[in-house]
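Some notes on the structure that comes next.
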Amino acid sequence: MARSVRWIKWLLYGLYAVAGALALMLAAPAGLELLGLPIDQLTFLPARILAMPWSLILLVWDDGPVTALAILGVGYILNLGVGMVLVRAE
């Protein structure tokens, strides 16, 4: 039982890591080009959702898209760190 729970935790962590990477790629022109999508498909919404709660500041403070992308990237990396601690906890 414990082995299957550990496997599910790592699977969910990996899916979050991939989803966050794709969300950040959708928020950057270079990422869209890599995915083969046109520039008008640029969106910050998936990255904002996956970088919660760190992205809540973007609701009240707007300093441009470059700053928003930086905040979302840092928030996503912080969430990856918290997730790693939770996955490794027994």
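What to note about this one:
- GNM on the chain, alpha-carbon springs under 10 angstrom: the most fluctuating residue among ALA47, ALA21, ALA70 is ALA70.
- With all protein chains modelled, accessible area of VAL66 [1.4 Å, Å²]: 120
- In the elastic network of the chain, a GNM with C-alpha springs shorter than 10 Å, the most mobile of VAL60, VAL74, VAL18 is VAL60.
- Solvent-accessible area of SER4 with every protein chain in place, 1.4 Å probe, in Å² to the nearest 10: 60
- Residue ranking by accessible heavy-atom surface, 1.4 Å probe, largest first, among ILE77, ILE57, ILE71 comes out as ILE77, ILE57, ILE71.
- C-alpha center-to-center spacing [the range 43-64, the range 73-88] in angstrom: 16
- Helical contribution to [θ] at 222 nm, DSSP H n ≥ 4, -39,500 (n - 2.57), averaged over the chain, rounded to 500: -22500 deg cm²/dmol
- Using the Cβ of PHE44 as centre and a radius below 15 Å, the other residues enclosed give a net charge of -2, where K and R count +1 and D and E count -1.
- Positive-end extreme of charge dipole, the range 1-81 - chosen from LEU15, LEU32, PHE44 (charges on Cβ): LEU15
- Axis angle, to the nearest 10 degrees, between helix 2-26 and the longest C-alpha principal axis of the chain: 10 degrees.
- Prolate/oblate/rounded call for the chain, Cα gyration tensor, a/c under 1.5 rounded: oblate
- Relative contact order (percent, whole number), the chain, Cα cutoff 8 Å, 6+ residue spacing: 29
- Restriction of the chymotrypsin sites (Phe, Trp or Tyr not before Pro) in the chain to DSSP coil positions whose beta-carbon has at most 16 other beta-carbons within 10 angstrom yields TRP61.
The values are calculated or read from the model by the stated rules, or taken from the named source; none is laboratory data. From a predicted model like this one, the values you see are computed outputs, not experimental measurements. With ideal geometry, Cβ positions are generated from the backbone for all residues, glycine too; neighbour counts draw on all protein chains shown. Calculation scope for accessible area: heavy atoms of the full protein, side chains included, ligands and nucleic acids excluded. Shrake-Rupley method; radii C 1.70, N 1.55, O 1.52, S 1.80 Å.
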